[in-house]
1. With label points built 7 Å along Cα→Cβ from the Cα atoms of residue 447 and residue 137, find their separation and express it in nm.
2. Among 237, 179, 92, whose Cα projects farthest towards the positive end of the dipole of the chain, with charges put on the beta-carbon of Lys, Arg (+1) and Asp, Glu (-1)?
3. Whole number in Å², please: accessible area per residue of region 1-75, 1.4 Å probe, ligands, DNA and RNA not counted.
4. Which FRET efficiency value, to the nearest 0.05, is calculated for residue 66 and residue 40 with the Förster distance at 41 angstrom and r the Cβ-Cβ distance?
5. Can you tell me the accessible area per residue over region 112-161, all protein chains present, probe 1.4 angstrom, in square angstrom?
6. How big is the Cα convex hull of the chain in projection, averaged over all directions, in nm²?
7. Based on DSSP H runs of at least 4 residues, each adding -39500 (n - 2.57), what is the mean residue ellipticity at 222 nm of the chain after dividing by all its residues, to the nearest 500 deg cm²/dmol?
8. Obtain the nm distance between the two label points defined at residue 256 and residue 107 by a simple spin-label model: each point lies 7 Å from its Cα along the Cα-to-C-beta direction.
Amino acid sequence: MTITQVADVIIIGSGLAGLMAAEILSTHKNVIIITKSNVECSNSSMAQGGIAAAIDKEDSWSDHFFDTIVAGSFHNNEAVTKLLVQKGPEMIEKLIELGVNFDRDNDGNYSLGKEGAHQRRRILHAGGDATGKELVTKLIERVKKHTTIIEHETAIDLLVSNTGCYGVITHTQNEQEKIYLAPHTILATGGAGQLYEVTSNCEQVTGDGMALAYRAGALLADMEFIQFHPTMLVKDGKAYGLVSEAVRGEGARLLTEQGTYLMDGKHEQMDLAPRDVVARAIFEQLSLGKPLFLDISSIPDFQSRFPSVTELCIKAGLEIEDGRIPVAPGAHFMMGGVVTDEQGQTTVPGLYAIGEVARTGVHGANRLASNSLLEGIVFASELASFILSANRLKAPLVVLSNRDELKARDFELPNVYEIQGLMSQFVGIVRNKQGLETALQWVKSYEKAIWNNQEYRLKIDEKTICNMLTVCYFIISAALERTESRGGHFRSDAPQLDSEWLQKSLYWSNRQTNPVHDVQLKDDCKPMVGVKS
Ligand code: SIN
């Protein structure tokens, strides 16, 4: 096995969090970004809504904090959430310094939008509904001058020894194996939206970071909490993309075929109730075979305020002038993931996670709208400061185990559509014990793919399926274990919040002893589940 490249920092993934970390680190360190697709392709670059921060003089970090933990069903880590909202205005200043152009009103003030579960207008946006694209484009322009960007290479496994993580093994598109070594490896791989049939996530988002981290011995948590965005444009069973919540923030309302407003009487914040509430209300209608629309007729200048949504409508053959967009919920965001502290450190030394792949605890059981781009930049910046002050040795050669002994695959794998069908049917917006047990049994029939895939020489597509099955296993098991409903986890057989579960998380690790000292692991077989209060 030959080493392809040695660096100070390897970043896997090219969304906002990864790019922001590279922007700060690359002036002092030798940084490599490795991405599965091309560098422009990420969930961040598709983000329409914007970035939430308490920059208005009437607003305060404490109001932003309050909205975040109410949306999160009080499952948030309060100290880390406080850090997120307090750092928000400072990070917006930083983005402006880096050349990001946020939209302004006619008086030259930043025009602040409103989205679900926010008590006030605090969302900055750029290019109308193309905020993610503006941020990512600006950062790529800067980062590519100082960073090695490796495109179309897929991370297969992390290189770990008993003293931590020292890099990554990748495959090129023609399955050539490569080895990258560094004392610091950052996962910025996003979530796992592609586990579901309808998703706002791009094609590459298959839960790889969580599966890689698990195999490397890192702790995962809160896997049962999955956010479904209420309004994807879905016409004749085909999903075209996201209709930003900012559309409802500007006055659009959910409309039934009979012409009544769906959210009337359902929640005091009506169409701008927390996403889990709105998504469930839509799901109930659709399950009865009743179509749902977004009534956009009250929004003046829709096409200039929402150019990306307008483009989707055109693609779907809809006329904006008709004022109605057919919608359905889609998998959008994972609140759980790789456990990190407020600096992005996982439980494996030298391995870090930022952005959606990380479970910092800031989103609780349900993320507040437009807090994800904020999370990406805040924790990338915290992590960069940590790495700049850290003194970690380069890789010991012991991590280069002999890969010639890997076996040829001798087990079956399902295809992507089978996984998506199963997850959508049994582990979607509404779950129950029976469905979860059925799903778990199915996933467990691919045992080798989940627990032993590292022993085999697999192609990228095969490894991706193994990663997807691994993440499914934890989502399903956690959803079965959590016998209550909270945020993005709703059980029809346990539909209430249960105070017994307040502030309790389910943790997963393949390590017998875990470096996070206050997690009690219930048994010592694989996988382990623990409850931390
Ligand atoms: C949206 O534009 O509705 C999505 C923004 C977000 O998920 O925060």
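The values are calculated or read from the model by the stated rules, or taken from the named source; none is laboratory data. Here the structure is a predicted model, which means the values were calculated and not measured. No Cβ is skipped: glycine too gets one built from the backbone with ideal geometry, and neighbour counts run over all protein chains shown. Protein only, heavy atoms only, side chains kept; ligands, DNA and RNA dropped before computing areas. Shrake-Rupley method; radii C 1.70, N 1.55, O 1.52, S 1.80 Å.
1. 5.2 nm
2. Of the options given, the answer is 179.
3. Details: 2620 Å² over 75 residues.
Dividing the accessible area of region 1-75 by its residue count gives 35 Å².
4. Values: r = 36 Å, r/R0 = 0.88.
After rounding, the FRET efficiency stands at 0.70.
5. Details: 1780 Å² over 50 residues.
Per-residue value: 36 Å².
6. Numbers: hull surface 92.9 nm².
Result: 23.2 nm².
7. On the way: 15 runs with 166 residues, N = 533.
Counting only the DSSP helices, I get -9500 deg cm²/dmol.
8. Label at residue 256, label at residue 107, 4.1 nm between them.
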